[in-house]
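Report on the structure given below.
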Amino acid sequence: MIRFILATFACALSFATFLSSQQSATSTAHPSAAQQSATVSTKQSAATAPFTPPDKIFGYRDPTAELNAEKTFLAVPDPLLAKEHLRTLTAAPHVAGSLEDRKTAEYVLGQYKAAGLDAYIQEYKVWMALPLDIRVDVVEPENVIMHGPSPEKVSEDPYQNDPRILPAFNEYSPSGDVTAEVVYANYGRAEDFAKLKEMGIDLKGKIVIVRYGEVFRGVKPFLAAQYGAAGVIIYSDPWDDGYFKGDKYPKGPWRPDTAVQRGSVQYLFRYPGDPTTPGIASVPNLPASSRISPEAATDLPRIPITPLSYADATPILANLGGPESPRSWQGALPFTYHVGPGPVKVHMALKLNYQFVTIWDVLGVVRGSQFPDEWVLTGNHRDAWVYGAVDPNSGTAAQLEAVHGIGTLLKSGWRPKRTMLFASWDAEEEGLIGSTEFAEQHAKEISRADAYFNMDVAVAGPDFGASAVPSLKQYMRDVAKSVPSPMGGSVYDQWKATAEKKESERASHPDAPSSSMPQVEPTAIARQDVKVGDLGSGSDYTAFLQHLGVPSVDIGSHGPYGVYHSAFDNFAWFTKFADPTFVYEQEMARIYGLEIIRMASADVLPLNYEEYGKEIGEYVKAAELKAKTNFGTQAPSFADATKAAARLEKAGGDILKMQTALTGDAAVLNLLLRNAERAFLIDGLPDRPWYKHSIYAPGEHTGYAAVVIPGVNEAIESKDLAVTQKQLQILTAALNRAAGVLEAGNK
Ligand SMILES: [Zn+2]
């Protein structure tokens, strides 16, 4: 997924492309790989100030040893080695549970062990499907011929003919056979279905065709089913990531006609992971009686759903009658879009093979020297729909180079104070499965975790971005100041410059194509600093943050990326468009390694609860306004919640002074800081008890974008006064709990 302003990226949910104002990285913009790999280069572009890392680190009494370790670490990640990791990992399609996936697990295990990590493979047995036979045919009118899905083919691509490439499908669609008239429903958002209803279009028994984008793909069939649709086709419109954006692959980075976006349609806003084991781990010896039946799983769709390319969708859309679609629903295909229903009729016949499949997480541990039971967690997923060069193995390659750097430190005798755990998750694409099962299995140990650092797509282009809980936003800015950018200066300098450039472009071209990108809630605090996004869902931090309350971060470097979840997200595309010299791979290995190393040895944890309290105060204020609109004079009082947020901000500010002064008992301070995030946990959100975080959850109607203070906001949205009042009380209690935890530091 992408948020345009915040430049965050996540992948199971990820829907389209990062709209970059810059074209893809050109090789002339990069220093040579050798130059970058030799050392932490100070040879930078003349246009920017040379890179000077800060000499103070928040949370460290005496940063000397840490700065030395960081310097040693930063010199190790090597572009050419990252390239070799990526080439190896993407040599074959490696969907979760396949033989090729197992081989990538063994490769990662070997690299972890070579670096000196205590590494092992953890198996889980999970309910998943692979496609047996996927057919979508136009059956009426007679003169329209379309028998899809067509194979993904372009004029030249060295990877496209591999027989192991799976047909494009949507994971967790049921098998099914439907013939029906078609209706076009734009992006398949709540407002799109409401508009159709207003237009008098009945969806009962129809096949709904929607385009990818704006919301998580699983939300579209979730809503379509509520309107009585019999099936859903999700296609990629060239407006969103094809030729309307720029040259298509192989000439450019954008989606070619036949490329299809695969992806899961699990209702993961209900719960992610193995559908048959919500809340518990699918370990291999789990008794069958501990599982629920797939029929009872509330996160599985009940109508058939399948994806299409725009080559295959064109004959369907071009033959729709009925009224003209609203003008904002018009995509970039060369005819006027109508909504139907019919006269075009489609036959969807989907056969999926559901069974329990073994998947493989790889774990690597570096035992902490002083606090071995305190954990700094980190992970990237390894499984891909096809080759997965960008998503996710650009992240795996960067992770392995970070591990390489940590291996060099270990060989020099260095040890982190806290225990580090590296993970290579499996089956993220199906529904964040490997990470969710691991988190459920180790919930007790994870209650002593300080942070979880995620990296999914590491590199799709040159624009760095991060999302984090507010307590870690400043931390990420600080980490970015300590890593050189291939463009000169620090990663932070380039991040800020790019964000400012995009902001001013948006302001001056409000009607530019970017306005079709999702509109994010404005960041709570109008600060002069670079924005760090909020965590919704869509990647492996979900279980750690939203189920277990571990402060989390997600990072990535973005650019024009039109081949998401298609056969063309491969090594050839990557080396041509994303990162020809692998210097952004090096950058991401450095950022990723540094955020972990620095957290693992801090004297006092660098968690900023003043910023957290301030942001929550803004969320409460925005919700209050919305409640006034929706409930009028009946709107409940937000006074207690507002007061609780202010109390949290004050307690966060007080403890921040102690963190800054480094006075007092660090062990006590760290315990409070660690427990504050857990204090946000509640019994569960209405109708989705697996989600326990009172501040962040994936939205039921957005799926990937963060819904903030979700219990309250979703109740306001559904205009339910009683639930709003109850959720306000629950939120207020959580905020007071967190404030109380921090206030104990002053006693
Ligand atoms: Zn991914």
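Comparison of Gly322, Gly340 shows that the only residue that is closer than 25 Å to Ala190 by Cβ and buried (at least 23 other Cβ atoms within 10 Å of the Cβ) is Gly340.
Can you pull out every residue in region 663-695 that is outside any helix (DSSP H, G or I), in contact with a Gly (Cβ under 7 Å, 6 or more places away or on another chain) and not small (Gly, Ala, Ser)? The answer is Phe680, Leu681, Leu685, Pro686, Trp690, Tyr691, Lys692, His693.
Quick one: Ser412 ticks every box in (1) within 16 Å of the ligand (Cβ to nearest atom); (2) over 24 Å from Ala449 (Cβ atoms); (3) not β-branched (Val, Ile, Thr) bar one, so which box is it? Answer for Ser412: the failing condition is (1).
Within this structure, Lys417 fails the test of being without any contact (Cβ under 8 Å) to a residue 24 or more places away in the chain and either more than 14 Å from Gly395 (Cβ to Cβ) or within 16 Å of the ligand (Cβ to nearest atom) (or both). Screening Gly246 with (1) without any contact (Cβ under 8 Å) to a residue 40 or more places away in the chain; (2) over 25 Å from Pro93 (Cα atoms) gives one miss only, at (1). Suppose the filter is in contact with a Phe, Trp or Tyr (Cβ under 7 Å, 6 or more places away or on another chain) and within 24 Å of Arg262 (Cα to Cα); does Pro301 pass it? So Pro301 passes the test. Checking each residue in region 670-682 for being in contact (Cβ under 8 Å) with a residue 24 or more places away in the chain and of a type outside the set (Val, Ile, Thr) picks out Asn670, Leu672, Leu673, Arg674, Asn675, Ala676, Glu677, Arg678, Ala679, Phe680, Leu681. For region 390-410, does any single residue satisfy the condition of being closer than 30 Å to Ile134 by Cβ, open to solvent by less than 10 Å² (accessible area, probe 1.4 Å) and more than 26 Å from the chain's Cα centre (by Cα)? No, region 390-410 has no match at all.
Please go through region 76-90 and give me each residue that is open to solvent by 40 Å² or more (accessible area, probe 1.4 Å) and touching a residue at least 40 places away in the same chain (Cβ under 8 Å), ordered by number. Break it down stepwise before answering.
Looking only at region 76-90, we keep the residues that are open to solvent by 40 Å² or more (accessible area, probe 1.4 Å), and these are 80-81, 83-84, 87-88.
Matches in region 76-90: Leu80, Leu81, Lys83, Arg87.
Return the residue satisfying two criteria in turn: it lies in region 224-244 and is farther than 19 Å from Gly331 by Cβ and aliphatic (A, V, I, L, M), and of such residues it is surrounded by the fewest Cβ atoms within 10 Å (Cβ to Cβ). Only one residue fits best here, namely Ala225.
Residues are listed down the side, and each one gets a yes or a no for (1) open to solvent by 10 Å² or more (accessible area, probe 1.4 Å); (2) more than 26 Å from Trp573 (Cβ to Cβ); (3) out of contact with any Ser or Thr (no Cβ under 9 Å at 6 or more places or on another chain):
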| site | (1), (2), (3) |
| --- | --- |
| Tyr354 | yes, yes, no |
| Thr358 | yes, yes, yes |
| Val366 | no, yes, no |
| Thr378 | no, yes, yes |
| Ala384 | no, no, no |
| Gly388 | no, no, no |
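Candidates Ala427, Ala398: the one that is aliphatic (A, V, I, L, M), within 12 Å of the ligand (Cβ to nearest atom) and touching a residue at least 60 places away in the same chain (Cβ under 8 Å) is Ala427. Filter region 289-319 down to the residues that are in a loop (DSSP other than H, G, I, E, B), over 15 Å from Gly176 (Cα atoms), open to solvent by less than 10 Å² (accessible area, probe 1.4 Å) and of a type outside the set (A, V, I, L, M, F, W, C) and list them by number. Listed by number, the residues that qualify are Asp299, Ser309. Restricting Pro522, Pro486 to those that are at pLDDT below 95 and either part of a loop (DSSP other than H, G, I, E, B) or open to solvent by less than 10 Å² (accessible area, probe 1.4 Å) (or both) reduces the list to Pro522.
The values are calculated or read from the model by the stated rules, or taken from the named source; none is laboratory data. All values reported here derive from a predicted model rather than from experimental measurement. So basically every Cβ, Gly included, is an ideal-geometry build from the backbone, and we count neighbours across all protein chains shown. For the accessible areas, the whole protein counts, side chains as well, though only heavy atoms, and no ligand, DNA or RNA atoms are used. Shrake-Rupley method; radii C 1.70, N 1.55, O 1.52, S 1.80 Å.
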